[in-house]
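Just below is one structure, and these are the notes that go with it.
The values are calculated or read from the model by the stated rules, or taken from the named source; none is laboratory data. If you're wondering where the values come from, they're calculated on a predicted model, not measured in any experiment. Neighbour counts are summed over all protein chains in view; Cβ atoms, including those assigned to glycine, are modelled from backbone coordinates with ideal geometry. The accessibility values were calculated without ligands, DNA or RNA, using every heavy atom of the protein model including side chains. Shrake-Rupley method; radii C 1.70, N 1.55, O 1.52, S 1.80 Å.
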Amino acid sequence: MNARAVAAWVAACILIVLFTTNPIYKTLVLAAAFTALAAGVGLRRMRGVLIGVALIALFATLLNFVSAHLGSTVLFSLPAQVPAVGGPYTLEALVFGATGGITIAAAILSAAPFSMLLASHEVIDALPAGLSRTGTAIAASLNLVPAVATSFAEVNEAQRLRGWRPRGPRSWAEIVVPVVLTSVEGSIQLAESMEARGFGSGPRTTFTRARIRWRDWILIAAASTSVALFLVSHAAGWASDWYPYPTLSIPALDARPLAACLLLFAPALLWRSRS
Amino acid sequence: MAVAKLERLTYWYPGAPEPALRDACLQVEEGLTVVAGPSGGGKSTLLRVFNGLVPHFHGGRIAGSARVFDSDITSTPTRELARSVGFVFQDPELQTVYDVVDREVAFGPENMGLPRREISDRVEEALNAAGIALLAARTVRTLSGGERQRVALASALAMRPRLVVLDEPTSQLDPRGAEIMLAAATSLVARGRSVVIAEHRLERLMPSARAMVVVDGGRVEGVDPGSWRRPPASGRVPRNAPPGGEVWSLAAATAAFGDRVVLAGVDLSGRSGEVVALCGPNGGGKTTLLRLIAGALAPLAGRVERRPVRIAYLPQNPTAMLHRPTVRAEVAMTLDRSREHDRPEAILEELGLTAVAGRYPRDLSSGERQRAALAAVLPGRPGLVLLDEPTRGMDAAARNALVGLVARLRDQGAAVVLATHDAELRAALADRVIEVADGSVSETVPEAASR
């Protein structure tokens, strides 16, 4: 699996899901991202991400439902005097909120293969030579993220056994300060280690070449075609915009933008689980 | 031939009133040089001079001269010295850039801008030299501490350095991992490299050492390695009274770390005034068992009971919890929370920390930090003392002080559980030794009793 091919597919997904307002096309992109991730990492490893994404999407949906009192199909009303949440609750606001939730979910799931499917060195290898040093530094710092989570758990446990109890926001300083200090020390140690191995001494080379195999070429071709077809469809009016207010309507559907979205399902056929 | 030469080298860390190295004069020859000395004496600082991390990375002021091979350290940056001096740090988890072993080993040669074919040759050579050729394709986070430290060694060797410097490379490892690591390090001398290594446990190294340097209070002194004698062990500490009633117990307790069951159906108990030592390989379940006893981890099945006494718990990474402005304040905080009125100075004196009582704990050396963390959790009269690898990074004097402190707590009636690889600590204190491995526990004969 080549990181540049993955990047092309991720870019296509995100571009289409952000470009269109049509919930059917957005849902197709979401489905493509889901099947791609399922093919690449397996459903078991996806569980945590799916729960997180579902919660975010649900929050986005409810936020619009609660705050946008627009639309003609009133489901129920709260007295207008109730601060912030008073007013009519409409089907249109619910659907528009759900569309926003789908957009966020599709964007997150589309980008997930970068962290869940590729090793940090595969991403670095795919970067242009000029960005190799920056990419390496970023990859090294990302390696510290799990250490911060571990440190938080350790410090929390040790301080509780020393008699610490949460008593208001200020008391958390006794957890947060040691965690931050430990993270900073970890970063300094890693920087020392990198410096001691000549990091920054000149132009870098890479140990492995990021090979592009036929599967990767197919994915790049599918992603490029998908974007081109969708943009042409939009320009030609085949992928018309959709807006639920003031009265909900069924989004228009056309075979050409539909085909563009279906091309994004290519990873489901090309990727094999790395789990 | 001189590998490195220091002449009247004095170094101050930024803002430090006292120098960390004073007037150091030293000539390092080819072969194996062992660096010894008490915690906080300046060993790590001296080692960092050899590859220029001191002063280039850490800043501060430097006086005198230092040369490694033909390079003037004060004017050559570390990234250039890296081509001739390899460095292995204490903690294997904090020196990894990539997630796969062979890529990690290739990091240095990549920085040197070498052609791909040469990087490949060097990676293979370095993996073989460190004895980890079979791990080339493994993910780093799946390796044991000993394997990770050998990856760090291979990463240094891939630069083909003429001098390899190792800063207490075994302090985080179990005995087996430490033995393999030291064998790999000393074998480098036979391959024509010079090695400088700082260690507290010198017995494995001294037979092959060509030179020995003692660093104490920033003073550097060369000594004859033939004159080195193993420091006497602290010996068995007699008890005042027999153990009392049961303080903690596990009945058919099962515990997991993440998705993995680490302990299955464990039955165990401990009494007041008794010292139970847990031993076994890294990852065997010692820490999980301590956390179960402490109540920090709930059992998946079975029962854990303990008397309502104050718990003193030293975690695996104890220095992470230090955050007060001074070591004394750390001790005072614990006493304050447990509503005890002992003087903080008492335990600081007991652990040899009086001189650093007013210092910021995170500015101390790793061995001093370990003692500061012990002082922070052990003041007063805890009823249950749980210590996870308490002698990590400690010199012999510090270990003897700890033995005295734990014996006092035991005689005051505390139930003590030590998870430790340190056979001398077990021999000095343990009433019972429990081996924890592969999810189960088994009682073995305490070392002192078997002598």
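Rounded to the nearest 20 debye, what is the charge dipole size of the protein assembly as shown about its Cα centre when +1 sits on each Lys and Arg Cβ and -1 on each Asp and Glu Cβ? Write out the running numbers ahead of the final one.
Details: 75 positive and 65 negative charges, 102 e Å.
The dipole of the protein assembly as shown has a size of about 500 debye.
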**Message:** If I take every Cα pair under 8 Å that is 6 or more residues apart in segment B:246-450, average their sequence separation and divide by the length, what percent do I get for the relative contact order?
**Reply:** 30 percent
**In segment B:266-303, the trypsin sites (Lys or Arg not before Pro) that fall in loop regions by DSSP, at most 12 other Cβ within 10 Å** = none
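Applying a 10 Å radius around every beta-carbon, put A:228-241, B:305-318 in order of their mean neighbour count, most first.
Working: A:228-241: 16.6, B:305-318: 19.4.
Ranking, from highest mean packing down: B:305-318, A:228-241.
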**Prompt:** Accessible area per residue of the protein assembly as shown at 1.4 Å probe, in Å²?
**Reply:** 42 Å²
**Average beta carbon contacts from partner chains per residue of A:171-183, 10 Å cutoff** = 3
**Distance between segment B:308-346 and segment B:170-217 - C-alpha centres, whole angstrom** = 34 Å
**Asked** If you bin every alpha carbon distance in segment B:29-160 into 10 Å steps from zero, what whole percent lands in each bin?
**Response** 12, 38, 35, 15, 1
**Item:** Interatomic Cα distance distribution for segment B:222-266, bins of 5 angstrom, percent
**Value:** 5, 11, 10, 9, 8, 8, 12, 12, 9, 11, 6, 0
**Asked** Angle between the Cα long axis of helix B:366-377 and the longest principal axis of chain B, 0 to 90 degrees, nearest 10?
**Response** 20 degrees
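Rg(Cα) of the protein assembly as shown divided by 2.2 N^0.38 Å?
Values: Rg = 30.2 Å, N = 726, 2.2 N^0.38 = 26.9 Å.
My calculation over the Cα atoms of the protein assembly as shown gives 1.12.
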**Message:** More than 12 angstrom separation, counting every C-alpha pair in segment B:75-117; what % is that?
**Reply:** 68 percent
**Fill in**
One computes Rg over Rh for segment B:131-209 from alpha-carbon atoms, with the Kirkwood Rh, and obtains 0.94
**Asked** Using the Cβ atoms and a cut-off under 9 Å, what net charge is assigned to the surroundings of B:R399, where Lys and Arg are +1 and Asp and Glu are -1?
**Response** -3
**Request:** Sort chain A into rounded, prolate or oblate with this rule: let a ≥ b ≥ c be the square roots of the eigenvalues of the Cα gyration tensor; rounded if a/c is under 1.5, and if a/c is not under 1.5, prolate when a/b is larger than b/c, oblate otherwise.
**Result:** oblate
**Message:** Debye calculation, C-alpha points only, no solvent: report log10 I(q)/I(0) for segment B:246-450 at q = 0.08, 0.16, 0.17 Å⁻¹, in the same order as the q values.
**Reply:** -0.25, -1.02, -1.14
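If you take the Cα Rg of segment B:349-445 and divide it by 2.2 N^0.38 Å, with N the number of residues, what do you get? Walk me through the numbers on the way to the answer.
Numbers: Rg = 14.1 Å, N = 97, 2.2 N^0.38 = 12.5 Å.
Taking N as the residue count of segment B:349-445, the ratio is 1.13.
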**Message:** Please report the carbon-and-sulfur percent of the accessible area for segment B:246-450; probe 1.4 Å, protein heavy atoms only, DNA, RNA and ligands left out.
**Reply:** 48 percent
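Show me the three semi-axes of the equivalent ellipsoid for segment A:34-115, from the C-alpha gyration tensor (sqrt of 5 times each eigenvalue), largest first, rounded to whole Å. Before the final figure, lay out the partial values.
On the way: eigenvalues 226, 25, 15 Å².
Listed largest to smallest, the semi-axes of segment A:34-115 are 34, 11, 9 Å.
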**Asked** Got a sec? Which residues of segment B:298-347 lose 40 Å² or more of accessible surface with every protein chain in place, vs. that chain alone, 1.4 Å probe?
**Response** B:Y313, B:A320, B:M321, B:H323, B:R337
**Complete:** Rounded to the nearest 100 Å², the accessible area buried between B and A, both sides, probe 1.4 Å, is 4600 Å²
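What per residue convex hull volume, in Å³, do the alpha-carbon atoms of segment B:274-390 yield?
Details: hull volume 14.3 nm³, N = 117.
For segment B:274-390, the hull spanned by Cα atoms encloses 122 Å³ per residue.
Using +1 on the beta carbon of Lys and Arg, -1 on that of Asp and Glu, and nothing else charged, what's the dipole of segment B:2-227 about the Cα centre, debye to 20?
Values: 26 positive and 28 negative charges, 56 e Å.
So the magnitude is around 280 debye.
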**Fill in**
Of the DSSP H helices in chain A, the ones reaching 27 Å or more along their long axis in Cα terms and averaging at least 0.0 in Kyte-Doolittle hydropathy are A:43-67, A:91-116, A:173-195, A:214-236
**Asked** When you look at the Cβ of every residue in A:207-213, what mean number of other chain Cβ atoms sits within 10 Å?
**Response** 4
**Asked** When Cβ neighbours within 10 Å are restricted to other protein chains, what is their mean count per residue of peptide B:108-121?
**Response** 5
**Asked** How far apart, in nm, are the 7 Å Cα→Cβ label points at B:R303 and A:R256?
**Response** 7.5 nm
**Request:** Could you tell me which trypsin sites (Lys or Arg not before Pro) in segment B:332-426 are loop residues by DSSP with no more than 10 other beta carbons within 10 angstrom of their beta carbon?
**Result:** B:R339
**Antiparallel bridges, percent of DSSP beta bridges restricted to chain B (to nearest 5)** = 55 percent
**Message:** So if a site counts as exposed when it's one of the trypsin sites (Lys or Arg not before Pro), its DSSP state isn't H, G, I, E or B, and it has at most 15 other Cβ atoms within 10 Å, what's the longest stretch of chain A without one?
**Reply:** A:1-166
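Give me Rg over Rh for chain B, both radii from the alpha carbons and Rh done the Kirkwood way, two decimal places. It would help to have the intermediate numbers written out before the result.
Working: Rg = 23.0 Å, Rh = 23.3 Å.
Using Cα coordinates only, the ratio equals 0.99.
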**Prompt:** Just for the protein assembly as shown, what percent of DSSP beta bridges are antiparallel, to the closest 5?
**Reply:** 55 percent
**Projected-area mean, segment B:2-227, by convex hull of Cα positions, square nanometres** = 11.7 nm²
**Of B:P38, B:A414, B:Y11, farthest towards positive along the dipole that unit charges on Lys, Arg, Asp, Glu beta carbons give chain B** = B:A414
